[in-house]
Amino acid sequence: MSEAILSEKAKKSIKTKSEMTSVGKCAVGTEISGSQAVIEALFAEGVTDFFGYPGGAIMPIYDALYDYQDTINHILVRHEQGGIHAAQGYARTSGKVGVVFATSGPGATNLVTGLADAQIDSTPVVCITGQVFAHLLGTDAFQETDVINITTPITKWNYQVTDANEIPSVLAKAFYIAKSGRPGPVLIDITKNAQVQKFTYPGYKPCTHIRSYRPKPIVRKEYIQAAAELINKAERPFVLLGQGVILGNAENEFRAFIEKGGLPTAWTVLGLSALPTDHPLNVGMLGMHGNYGPNVLTNECDVLIAVGMRFDDRVTGRLDKYAKQAKIIHLDIDPAEIDKNVHATVPVWGDCKETLPLITSLLKNKQHENWLNKFKELRKQEEEVVITPELHPDGDMMTMGEVFNVLNDLTKGDAVIVTDVGQHQMVSCRYAKFTQSRSNVTSGGLGTMGFALPSAIGAKFGAPQRNVIAVIGDGGFQMTLQELGTIMQFNVDVKIIILNNHFLGMVRQWQQLFHDKRYSFVNITSPDFVALAKAYSIDGKSISKRENLRSALQEMLNHNGSYLLEIMVGKENNVFPMVPQGCGVAEIRLK
Amino acid sequence: MKQEFTITVYAENHIGLLNRIAIMFSRRKINIESLNTSPSEVEGIHRFTIVINEVEDVVKKLIRQIEKQVEVLKAYYNNNDEIVWQELALYKVSTDKVIEDVKVERLLRQYGARAVVIRKDYTVFETSGHREEIDKLTEVLGGFGLIEFVRSARVAIINASKGFYEKLKEFEEEKPRTEIVENEFLDKQDEVFSM
């Protein structure tokens, strides 16, 4: 194989293990199996950790993997859904492509939720699924499922390989498509005959161009000028920060942009952590459970600048009452997002890492003090009615907010917080503090309960030096708790906080507010979580009293290895503020 | 207001792409009135011709979503004034009826139908044209014992198109295309610019 396509790690392994023939490298021109070519591809793409679960139709690939155990770290999960969520968590903290293996049939269908999640949240993931022999396709063979057609709407690209000769180029395409442009999940289905087929290895050449695929639209100067012009003239500019800034590694460019223009900035759930919480221009969270000021003032700004976000309905509320007074500048790498939900006055197509500095260079140094003060005034109102009672409650029962308040104190905002879906997720986004990007891992678009525990495992492998804390509700935890087994087997150092309110809290909140308190099947009974963790050799504790909160969190953080802390919180607490469904953002309720 | 639009998609000829395109319509509960896939003027590039009834705003967004698919090179949408189109129909009628009834022969002449197969028991005629013409002939032939009828999907040529050869060259280059995705802003530049 040519030098140019060897990863650094591969070079090292060749130097130290020169006697090896298959481990690390297969020589170009030798006869190898399709399965070996799969692992070679991962190796060449610099994959160090990945997730998977073996089964009949992917056994040849796992057999090839046997010889690579000392060079690539495969993490055996307990369920394929856990595997793909872990790959997502890995991608989110590391910025690399997450990889997951699964077998055909049920193995592949178990990936579906994660694929849909990765698709809607633009997470780069490559899934490799085994498939029955090509001659059995369409015969209802054992564990045969039409995975390609099932996953077509929820993948950026998918492809079925039936001939080993295709494997190197198809996997190169898969990685290129997954990570370039607007990232997304790719699924490659490989029939068993292709896995065992021997072919002459042509080497691995990373893909850099596909003629039918343009990852980035060209940056157009006139739009840049028009955008800068609008911002310079604006009296009440308002910036919306989305995940595009994180995906484009453009956090520094973004900061330079808002600092030069003195632009107040609010973030979406997925944009969270790209801008430090205590940045003076950070005015808080957008959307249904976002902060009061950003929602109300969306309808008072004169220029709205959306960066790498897609105007999700949870952000905009009713579209016909959304920022109608404002001129809208929309920066996005995906042309299909422009004008999709909100009409853009000036569309700025392109990678925000390129477009933001171009706009910044045309900006006047400005400060919008009076305008920024409006956010501060509304913040005060929100503090009085919502934030202070949440963070410093009078009642006996603990609130979710006060847990984050103490946690912020102890972590200084340096931890990766992985959340599940529901009330605790919204409370986490509202109150958790962040000092660095890629620190908030959550299922935004799809709202997948059960996401947190497995994705925390992946998040830890993606950022091994950082503290990873999974915060999960009592409902969501029970959806994927089998992954405690993965944590046990691979000594994954994740801290798990279960915020237990004995309810499926968010649904209960809606039933209380909009369904006359008819609590229909939201009362959920939980096992003894601490005993459960103990069964997996994970230490833990359960607390229900405020005086134990700080010490328990400290004990958890100090603990060597994984730890489960169950915190009993108020049963019928609600998350506020709230933009009720069908209302405009300015109709946000403080209580 | 909903109207008829013809969507032309240039794409790689890959298995599964038809499904990928078709589900973009079904996801939005849009019925495909007619769908044709064929080679295009460029070897190796396939051309989909899809007819739907929709409002222009929805079609515009759909086109962007279609173009976003990895294996799609380009998608266009046109109303009926911007294209030349044809559909083809085959009719099977009893040969006796054609011989007996002079009206049938006259009808077929009037609609420019041509005989494709003549057998003792039946004759197959072919005609091509717009939907309304074909429908009309079908209707009148119904009265004379039409045994079988089939109509093809629409095929359409875009009046303003200069073909895909030049475009493809651009696509094959490893740099971003200069194509401007149309946007209303382009018509309103005067309002926004003052630099």
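Calculated from DSSP H runs of 4 or more alone, at -39500 (n - 2.57) each and per residue, what is the 222 nm mean residue ellipticity of the protein assembly as shown, nearest 500? That comes out to -10000 deg cm²/dmol. Volume per residue of the convex hull around the Cα atoms, evaluated for the stretch A:170-269, comes out as 146 Å³. Backbone geometry of the stretch A:85-92 corresponds, through the Karplus equation with coefficients 6.51, -1.76 and 1.60 at θ = phi - 60°, to 3J(HN,Hα) couplings of 5, 5, 4, 5, x, 4, 5, 5 Hz, x marking Gly and Pro. I'd like the orientation of helix A:352-362 relative to chain A: the angle between its Cα long axis and the longest Cα principal axis, in ° from 0 to 90, rounded to 10. For helix A:352-362, the angle is close to 40 degrees. Taking the Cα centre of the stretch A:470-588 as origin and assigning +1 to Lys and Arg Cβ atoms and -1 to Asp and Glu Cβ atoms, the resulting dipole is close to 240 debye.
Treating the Cα atoms of the stretch B:20-98 as identical point scatterers in vacuum, please give the log10 of the normalised Debye intensity I(q)/I(0) at q = 0.19, 0.23, 0.24, 0.25 Å⁻¹, two decimals. Listed by q, the Debye log ratios stand at -0.93, -1.30, -1.39, -1.47.
Anisotropy class assigned to the stretch A:97-196 is oblate, per the alpha carbon gyration tensor with a/c at or over the 1.5 cut-off and a/b no larger than b/c. Look at A:Thr208, A:Thr162, A:Thr316 and count the other Cβ atoms within 10 Å of each Cβ; fewest to most, that gives A:Thr208, A:Thr162, A:Thr316.
Segment B:Asn31..B:Ser152, full-extension length gain: 41.9 nm, with 0.36 nm per residue of separation and the alpha-carbon distance subtracted.
Cα convex hull, the stretch A:271-334: 99 Å³ per residue, rounded to a whole number.
Taking every residue in B:66-72 and counting other chain Cβ atoms within 10 Å of its Cβ, the average works out to 6.
The relative contact order of chain A comes to 14 percent, based on Cα pairs under 8 Å that sit 6 or more residues apart. Dipole of the protein assembly as shown computed with +1 at Lys/Arg Cβ and -1 at Asp/Glu Cβ about the Cα centre; of A:Ala456, B:Phe25, B:Ala160, farthest Cα towards the positive end is A:Ala456. Percent of Cα pairs in the stretch B:85-151 per distance bin of 10 Å, from zero to the largest separation: 22, 62, 15, 1. Counted by neighbouring Cβ atoms within 10 Å, the residues A:Phe490, A:Phe434, A:Phe254, A:Phe576 run from fewest to most as A:Phe490, A:Phe576, A:Phe434, A:Phe254.
Note that the stretch A:221-373 shows a convex hull volume over its alpha carbon atoms of 93 Å³ per residue.
Once divided by 2.2 N^0.38 Å, the Cα radius of gyration of chain A becomes 0.99. Going from the residue with the fewest nearby Cβ atoms within 10 Å to the one with the most, A:Val385, B:Val72 rank A:Val385, B:Val72. Taking the C-alpha atoms only, the angle from helix A:251-261 to the longest principal axis of chain A is near 30 degrees. Projected label points at A:Val219 and B:Glu126, each 7 Å from Cα along the beta carbon direction, are separated by 5.5 nanometres.
Cβ under 10 Å from A:Leu230's Cβ, A:Leu230 left aside: what net charge do those residues give with Lys, Arg +1 and Asp, Glu -1? Here the count lands on 0. Positive end of the dipole of the protein assembly as shown (Cβ unit charges, origin at the Cα centre): among A:Gly83, A:Thr162, A:Gly401, the Cα lying farthest that way belongs to A:Gly401. Report the one residue of A:Leu481, A:Gly271, A:Val421 whose Cα lies farthest in the direction of the positive end of the charge dipole of the protein assembly as shown (charges on C-beta: Lys and Arg +1, Asp and Glu -1; origin at the Cα centre). It is A:Gly271, whose Cα lies furthest towards the positive end. For the stretch A:84-158, the dipole from Cβ point charges (+1 on Lys and Arg, -1 on Asp and Glu) about the Cα centre works out to 340 debye, to the nearest 20. Each residue, A:Glu572 and A:Glu384, gets one label point 7 Å from its Cα in the Cβ direction; the gap between the two is 2.7 nm. Annotation: extensible slack from A:Glu31 through A:Asp63 equals 9.9 nm (criterion: 0.36 nm per residue apart, minus Cα-Cα distance).
For the stretch A:3-200, count all C-alpha to C-alpha pairs, find those more than 27 Å apart, and express that count as a whole percent of the total. In whole percent, the long-distance tail amounts to 22.
Pairwise Cα distances in the stretch A:353-504 exceed 28 Å for 33 percent of all pairs. Computed over every Cα-Cα pair of the stretch A:168-208 and binned at 5 Å starting from 0, the pair-distance distribution P(r) comes out as 5, 21, 23, 23, 16, 9, 4, 0 percent. On full extension, the segment bounded by A:Leu410 and A:Ser361 gains 13.7 nm, given 0.36 nm per residue less the C-alpha separation. Angle of helix B:56-68 to the longest C-alpha principal axis of chain B, folded into 0 to 90 degrees and rounded to 10: 70°. In this structure the amide hydrogen of B:Tyr122, modeled in the peptide plane, comes within under 5 Å of the amide hydrogens of B:Thr95, none closer than 5 places in sequence on its chain.
Please report the spacing between the Cα centers of the stretch B:22-101 and the stretch A:441-518 in Å, no decimals. Result: 46 Å between the Cα centres. The alpha carbons of chain B occupy a box of 78, 36, 32 Å along the principal axes, longest dimension given first. I'd like the FRET efficiency for A:Asp396 and B:Asp135, computed as 1/(1 + (r/R0)^6) with the beta carbon distance as r and R0 of 60 Å, rounded to 0.05. Rounded to the nearest 0.05, the efficiency is 0.20. Rounded to the nearest 20 debye, the dipole size of the stretch B:85-151 about its Cα centre is 160 debye, using +1 on the Cβ of Lys and Arg and -1 on the Cβ of Asp and Glu. One quarter of the surface of the convex hull around the alpha-carbon atoms of the stretch A:463-591 equals 10.0 nm², the direction-averaged projected area. Whole-percent P(r), the stretch A:56-140, all Cα pairs, 10 Å bins from 0: 18, 45, 30, 7, 0.
Close amide H partners of A:Trp157, meaning residues 5 or more places away or on another chain with modelled amide H under 5 Å apart, are A:Leu187.
When only alpha carbons are used to place a centre, the stretch A:234-258 and the stretch A:284-357 end up 11 Å from one another.
Restricting attention to the stretch A:345-503, lysine pairs at least eight places apart or on different chains and with alpha-carbon atoms under 26 angstrom apart total 19.
Read-outs: derived from the displayed coordinates by stated rules, not from any lab. Given the structure is predicted, the values throughout are model-derived calculations rather than measurements. Using ideal geometry, Cβ is built from the backbone for each residue, glycine included, and neighbour counts are taken over all protein chains shown.
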